[in-house]
Structure formats: C-alpha cells, structure tokens
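See structure below.
The values are calculated or read from the model by the stated rules, or taken from the named source; none is laboratory data. Being a predicted model, the structure only gives us computed values, none of them experimental. Methodologically, a virtual Cβ is constructed for each residue, glycine included, from the backbone with ideal geometry; neighbour enumeration extends over all protein chains shown. Heads up: the accessible areas ignore ligands, DNA and RNA and are worked out on the full protein's heavy atoms, side chains in. Shrake-Rupley method; radii C 1.70, N 1.55, O 1.52, S 1.80 Å.
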Amino acid sequence: MGDKLLIAGNWKMHKTPQQTREYFEQFLPQVEGVNGVEILICPPFIDIPAAVEMTKDTPVKIGGQNCYYEKEGAFTGEISPVMLKAAGCEYVILGHSERRHIFGESDELINKKVISALEEGLRVILCVGETLQERESGLTFTVVESQLKLGLSGVEDKLSQIEIAYEPVWAIGTGVAAKPEDAQEVHKFIYSVLENLNPEGAKKVRVLYGGSVKPANAEAILSQPHIKGVLVGGASLKPDSFAEIVKIGQRLTA
Ligand code: PGA
C-alpha cells in the first residue's frame with residue numbers, strides 16, 4: 001500500500017457508538033491536511049458503522065480488530081470478513097497477542113483467518129511478538145519467525161496486501177515500550193524472514209511496531225529504518241494524543 005507510514009489505532013474494547021462520534025469530531029480537525037501518512041482506526045465491531053460514517057470523505061480508514069474465517073453460518077458471536085468489508089472496513093488486525101493469549105488463538109486458526117480476509121479483499125495486519133519469558137530465554141527470533149511462517153502459510157504470494165505488526169507482549173499496555181534499537185533489530189529480522197518467503201513481495205510490506213507507543217516515544221520509534229508505522233493501543237483512545245502521533249509521522253515524512 002505505497003510507501004507511506006501507517007499510523008494505526010487499536011481501540012480494543014473501548015468506546016460506544018456515541019463516544020466514537022465524539023472522538024472523530026475532535027480528531028478529524030486535528031489531522032486535516034495530513035497526507036504524508038496513512039491513518040487507520042480499528043474500533044470495536046459495534047462502533048464500525050459510526051466510525052465509517054464519521055470518516056466518509058476523509059483519508060482516515062477503518063478496520064476490524066479480528067474476524068472469523070467463514071463467510072457466514074452458525075458461529076454465534078463471530079463476524080466474517082465479508083461483513084467487515086460490507087461495513088466499510090479496509091483492514092483487519094489478526095493474531096493480536098490478546099487474541100493469542102487471552103482467547104487461545106493458535107497460529108493455525110490465525111492462518112485460516114488471514115487467508116479468508118485476503119480473499120475478501122481486506123488488507124491484513126498480522127501481529128507477532130514474543131512474551132517476556134521467551135525474550136529472556138533468547139527465543140525472540142525463533143518465536144517471531146514461527147508466527148510469521150505459520151501465519152502467512154499459503155499466502156506468501158500476497159504480501160502486497162499484508163502488513164506485519166511486531167508487538168512484544170511485554171510492551172503492550174505496560175507503558176514500557178521496546179527500546180527503538182531493540183525493536184529495529186527485530187524489524188530487520190522480520191524483513192529477512194519475509195524476503196525468504198517472497199523477495200519481491202517483502203519490499204511492499206510495512207512492518208509496524210506496537211507496544212506502549214505514545215507521543216513521547218513515537219519519533220524515536222518511527223525514525224528507525226525498518227519501522228514503517230505504529231499500531232497504537234492506549235494512546236489512540238484520546239484524539240489529541242493519537243493526532244499528535246499522526247503529526248509526528250507526517251513531520252518525519254516531510
Ligand atoms: P498499547 O497497545 O499501545 O496500549 O501498548 C498496543 C496494541 O496492543 O496494539
């Protein structure tokens with residue numbers, strides 16, 4: 001999706017439709033005229049219609065935080081990629097660490113979701129990242145490589161529709177982001193894995209960093225050569241702080 005940095009917000013389980021409208025009323029004027037970065041917000045499913053309506057005719061894109069792999073059927077509580085697309089989403093986040101660790105999603109399940117979302121024409125943000133224990137055991141590269149290969153199995157020829165988010169689990173929601181140079185090292189490794197899967201396709205993938213990104217550290221993170229965007233949780237919930245991160249991205253691009 002071009003060379004623009006992707007500044008993405010993951011609201012997780014926050015905000016009602018009314019709060020979604022209020023958010024965009026405050027957020028949109030602050031990012032007016034920003035054209036050097038791509039802006040994405042992934043709200044809860046129930047807020048997607050309000051988010052799509054509010055961002056119509058603006059460059060802000062909307063995505064889902066998850067989906068199931070079937071198109072429709074008896075799958076109580078699930079949402080399909082067809083539905084996300086029909087509701088106006090362009091992206092879907094898959095394999096977020098909270099899906100993996102709280103809801104027990106396996107690499108195999110995530111891979112089915114990736115395949116299905118791509119078939120519907122959604123762009124996929126596949127999340128990977130090690131736990132603190134894995135990092136301390138020296139397993140970061142092993143874990144990340146395995147999550148990438150299993151998650152992308154069968155879609156290696158579709159890398160131009162995919163972004164990767166490197167989100168070390170120990171940095172998510174903790175206030176402690178990875179050191180920019182440490183993240184850079186893993187990002188570089190991720191590109192090397194992608195190049196092995198598909199040398200041409202790898203060039204089109206943006207590898208985002210996620211985990212306690214905030215206005216105070218966004219510049220240092222986004223300045224790393226292999227970091228092509230950020231996936232922001234907590235700091236995307238306030239229009240002012242997310243707009244600030246967007247503007248940092250824009251400044252670095254200019
Ligand atoms: P955080 O979450 O920015 O609140 O750490 C990031 C994420 O989980 O995507």
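Quick notes
- For Leu126, the test of being open to solvent by less than 30 Å² (accessible area, probe 1.4 Å), under 20 Å from Arg100 (Cα atoms) and not in a helix (DSSP H, G or I) is passed.
- Single residue of the range 213-246 satisfying the filter (within 10 Å of the ligand (Cβ to nearest atom) and touching a Gly at 6+ places or on another chain (Cβ under 7 Å)) that is farthest from Tyr23 (Cα to Cα): Val230
- Single residue of Gln30, Gln18, Gln65 found to be touching a residue at least 60 places away in the same chain (Cβ under 8 Å) and of a type outside the set (Phe, Trp, Tyr): Gln30
- Those residues of the range 73-98 which are away from the ligand (no atom under 16 Å from the Cβ), β-branched (Val, Ile, Thr) and in contact (Cβ under 8 Å) with a residue 24 or more places away in the chain, in sequence order: Ile79, Val82
- Positions within the range 27-50 being closer than 23 Å to Ser212 by Cβ and surrounded by fewer than 17 Cβ atoms within 10 Å (Cβ to Cβ), in sequence order: Gln30
- Members of the range 1-26 that are among the hydroxyl-bearing types (Ser, Thr, Tyr) and open to solvent by 10 Å² or more (accessible area, probe 1.4 Å): Thr16
- Among (1) more than 10 Å from the ligand (Cβ to nearest atom); (2) under 23 Å from Gly95 (Cα atoms); (3) acidic (Asp, Glu) - the single one Glu167 does not satisfy: (1)
- Test result for Glu78, open to solvent by 60 Å² or more (accessible area, probe 1.4 Å) and within 18 Å of Met13 (Cα to Cα): yes
- Evaluation of Gly173 against (1) of a type in the set (Gly, Ala, Ser); (2) crowded, with 19+ Cβ neighbours inside 10 Å; (3) within 13 Å of the ligand (Cβ to nearest atom); (4) under 19 Å from Ile125 (Cα atoms) (one fails), failing number: (2)
- Criterion: out of contact with any Gly (no Cβ under 8 Å at 6 or more places or on another chain), of a type in the set (Lys, Arg), in a loop (DSSP other than H, G, I, E, B) and open to solvent by 60 Å² or more (accessible area, probe 1.4 Å) - qualifying residue of Lys112, Lys204, Lys149, Lys188: Lys204
- Output for the range 32-50, where each listed residue is touching a Pro at 6+ places or on another chain (Cβ under 8 Å) and part of a loop (DSSP other than H, G, I, E, B): Val34, Asn35
- If you go through the range 162-200 and keep only what is of a type outside the set (A, V, I, L, M, F, W, C), in contact with a helix residue (DSSP H, G or I) (Cβ under 7 Å, 6 or more places away or on another chain), within 19 Å of Leu6 (Cβ to Cβ) and touching a residue at least 60 places away in the same chain (Cβ under 8 Å), you end up with just Glu167.
- Against the test of being more than 16 Å from the ligand (Cβ to nearest atom), of a type in the set (D, E, K, R), surrounded by 14 or more Cβ atoms within 10 Å (Cβ to Cβ) and assigned to a loop (DSSP other than H, G, I, E, B), the options Glu70, Glu53 yield a single qualifying residue, Glu70.
- Taken together, the residues in the range 152-168 that are outside any loop (DSSP other than H, G, I, E, B) and either of a type in the set (Ser, Thr, Tyr) or modelled with pLDDT under 95 (or both) amount to 2.
- Boolean, Phe141 is touching a Phe, Trp or Tyr at 6+ places or on another chain (Cβ under 7 Å), in a helix (DSSP H, G or I) and of a type in the set (A, V, I, L, M, F, W, C): yes
- Glu105 passes every criterion in (1) of a type outside the set (S, T, N, Q); (2) closer than 18 Å to Cys67 by Cβ; (3) in contact (Cβ under 8 Å) with a residue 40 or more places away in the chain apart from (3).
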